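To start, the structure itself, in structure tokens.
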Amino acid sequence: MGDYESEKQMQHEQISPQTIFALATSAGRAGVAVIRVSGSDAGSVLCALSGRKLPAPRIARLRILKDQNGDTLDQALVLWLPGPGSFTGEDMVELHTHGSVAVIEAVSHALYGLGLRQAAPGEFTRRAFENGKLDLTEAEGLADLIDAQSEGQRRQALRQMGGGLREIYEGWRGLILDALAMVEGEIDFPDEDDVPDALAHRAAPGLAELASKLKAALQDSNRGEKVRSGLDIAIIGAPNAGKSSILNRLARRDAAIVSAQAGTTRDIVEIHMHIAGLPVRFSDTAGLRETDDSVEAEGVKRARLRARDADIRLGVIDLTSNNNAVLDALTVDDFVVYNKADIGKAPKQNVSRETFLVSAETGAGFADLETALERAIISRFAQTEQAGLTRARHVACVRKALCAIENACENLAIAPELAGADLRVALHAIKELAGEADIEAVLDRVFSQFCIGK
Ligand SMILES: Nc1nc2c(ncn2[C@@H]2O[C@H](COP(=O)(O)OP(=O)(O)O)[C@@H](O)[C@H]2O)c(=O)[nH]1
Ligand SMILES: [Mg+2]
């Protein structure tokens with residue numbers, strides 16, 4: 001442990017963190033507002049506000065709250081939640097007041113008067129984390145649960161908050177430690193007859209198993225990240241192919257302007273919906289063509305970028321024209337949508353992608369298109385029942401661990417010392433994933449994404 005770290009630990013032991021408070025419910029007019037207090041003064045704060053001794057732990061009691069001058073603030077349901085059994089692990093109090101702006105203001109004012117400070121975003125959860133109530137992945141799951149908008153997001157967040165990812169990485173950590181024990185044993189007590197080959201023989205199978213588990217988790221990480229952040233579908237094609245009409249059909253409203261004039265759509269028009277429990281963003285883009293109009297040219301540039309970054313592209317082709325150029329911008333997993341089936345005739349060529357025949361005018365073919373989209377989203381992006389990696393941060397840690405494990409495998413038979421060092425690197429990557437390594441900047445980032453009051 002370095003000087004800096006031991007100094008930091010001493011500071012920790014000397015001063016207990018200040019008692020904080022925050023509104024846990026959202027601000028504005030509501031029946032009830034919940035104000036949470038956490039820290040060593042929480043109990044005395046409740047006594048001061050209610051003018052009575054503390055109620056029994058975890059039992060709701062009705063109390064009149066008064067300020068320092070004895071003026072009544074509100075009548076509230078109060079909870080005394082002594083540490084370490086509380087959310088943060090510290091002594092906590094919950095005040096369930098009436099939910100008006102004026103009551104919240106007045107109670108906050110009284111709390112400031114008692115020397116409390118308002119919590120920073122995520123500070124309650126950060127204290128819970130620092131008191132060992134949850135690891136970093138569980139804290140992230142909690143943040144995701146608060147932000148969850150779709151069914152898929154809710155399920156995934158709940159799983160992660162409940163320790164789904166922790167269980168997985170604890171398994172990985174166990175395998176690394178097993179291998180490390182064998183390697184260290186080899187270094188400390190080299191057996192005269194035992195050549196390094198024997199070590200490789202013993203440790204290699206566990207490490208190979210671990211490497212394949214890490215690879216599988218990485219392969220599946222795309223799903224977890226998509227469930228969290230949602231996926232992008234770009235509608236692209238030549239001007240007048242009917243892209244905006246198709247977007248409006250999918251949205252079941254007039255989101256984009258439809259016109260017979262080519263080059264009408266310039267800005268990207270987006271609609272949001274949920275498909276198979278995932279948030280999906282459809283983007284209607286400018287028609288792809290060469291143009292002298294600088295505004296339209298910018299639109300075309302943005303369309304190409306959006307198409308490039310999208311998870312799925314719907315390439316729209318007008319059946320009444322011979323313009324197939326959009327096919328060049330599609331991958332094998334994209335969809336080809338022939339539009340204007342009401343006036344054009346079915347295409348002759350047979351493209352090797354999912355192909356649909358629709359009419360944005362009459363709505364024909366849309367049921368098939370929507371079913372196929374849902375199927376593709378479920379099979380490619382929807383989360384399985386297992387917990388997995390859900391953030392770029394997780395992926396980065398697991399990549400680091402995998403790389404170190406692969407190095408360790410190579411070094412096993414040649415130089416056990418090097419393999420040992422590699423395994424320590426892998427162990428550190430797992431610690432980073434858990435939030436155990438000293439990674440202040442990462443913690444600041446994760447917790448600052450919470451709202452105030454959590
Ligand atoms: N008959 C017919 N006309 C369509 C269909 N889809 C779009 N249109 C017409 O084609 C023109 C261009 O449509 P729009 O959606 O603005 O195309 P975009 O430039 O690709 O966005 C408009 O006049 C639409 O009314 C269709 O399925 N059938
Ligand atoms: Mg358009």
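The values are calculated or read from the model by the stated rules, or taken from the named source; none is laboratory data. Please read these numbers as outputs of a predicted model, since none were measured by experiment. Every residue, glycine as well, gets a Cβ built from its backbone with ideal geometry; the counts of neighbours run over all protein chains shown. When the accessible area is computed, the model is the full protein with side chains, heavy atoms only, and any ligands, DNA or RNA have been set aside. Shrake-Rupley method; radii C 1.70, N 1.55, O 1.52, S 1.80 Å.
Details
- What the phi angles of region 228-233 give under the Karplus curve with 6.51, -1.76 and 1.60, with θ = phi - 60°, is a coupling list of 5, 9, x, 10, 10, 10 Hz, glycine and proline written as x.
- Ala367 versus Asp254: modelled label distance in nm, points set 7 Å from Cα along the beta carbon direction: 2.7
- Long-range amide H partners of Gly237 with built H, under 5 Å: Leu288, Val316
- Within the straight-line cut-off of under 18 Å between alpha carbons, the lysines reachable from Lys454 are Lys133, sequence neighbours fewer than 8 places apart in one chain being disregarded.
- Karplus-derived 3J(HN,Hα), 6.51/-1.76/1.60, for each residue of region 245-261, Hz, glycine and proline x: 5, 5, 4, 5, 4, 5, 7, 6, 7, 7, 7, 10, 6, 10, 8, 6, 7
- Take region 148-434 with all the other protein chains still there, run a 1.4 Å probe, and you get 49 Å² of accessible area per residue.
- Full extension of the chain between Asp333 and His274 yields a length gain of 19.2 nm, computed as 0.36 nm times the residue separation minus the alpha carbon distance.
- Alpha-carbon Rg/Rh ratio, for region 29-117, with Rh computed the Kirkwood way: 0.93
- Over region 382-454: Rg over Rh, Cα atoms, Kirkwood Rh: 1.12
- Protection proxy ranking, peptides 393-405, 316-328, average beta carbon neighbours within 10 Å, highest first: 393-405, 316-328
- Share of pairwise Cα separations in the chain, more than 41 Å, in percent: 43
- Fraction of the pair-distance distribution of region 140-180 above 16 Å, Cα-Cα pairs, percent: 44
- Sequence-distant lysines (8 or more away, or on other chains) whose Cα lies within less than 18 Å of Lys243: Lys301, Lys340
- Simple spin-label estimate for Leu305 and Gln68 in nanometres, 7 Å along Cα-Cβ: 5.4
- Backbone amide hydrogens, once placed in the peptide plane, bring Gly263 within less than 5 Å of Asn240, Gly287, excluding anything fewer than 5 places away on its chain.
- Kirkwood-based Rg to Rh ratio, region 234-310, C-alpha trace: 0.98
- Inverse of mean 1/r across different Cα pairs in region 95-214, Kirkwood, Å: 19.0
- Between Ile275 and Val280, the built amide H atoms are under 5 Å apart, and every one of these is 5 or more places off in sequence or on another chain.
- If you plug the beta carbon distance of Glu417 and Ala216 into 1/(1 + (r/R0)^6) with R0 = 45 Å, you get a FRET efficiency near 0.90.
- Taking 22 Å as the straight-line reach from the Cα of Lys400, the lysines in range (excluding those fewer than 8 positions away in the same chain) are Lys213, Lys215, Lys226, Lys431.
- Taken over the alpha carbons of region 194-268 as equal point scatterers, the Debye sum produces base-10 log I(q)/I(0) values at 0.15, 0.17 Å⁻¹ of -0.72, -0.80.
- Amide N proximity, region 201-229 versus Thr384 label position 7 Å along Cα-to-Cβ, cut-off under 19 Å: 209-228
- Additional length obtainable on full extension of the chain from Leu114 to Asp342, 0.36 nm per residue less Cα span: 74.8 nm
- Computed 3J(HN,Hα) for region 173-178, one whole-Hz value per residue from the Karplus formula 6.51 cos²θ - 1.76 cosθ + 1.60 where θ = phi - 60°, is 4, x, 5, 5, 5, 4, glycine and proline marked x.
- Inter-label distance, Arg353 to Ala60: 5.6 nm, where each label sits 7 Å from its Cα along the C-beta direction.
- Accessible area of Thr72 (1.4 Å probe, protein heavy atoms only, ligands and nucleic acids ignored): about 90 Å².
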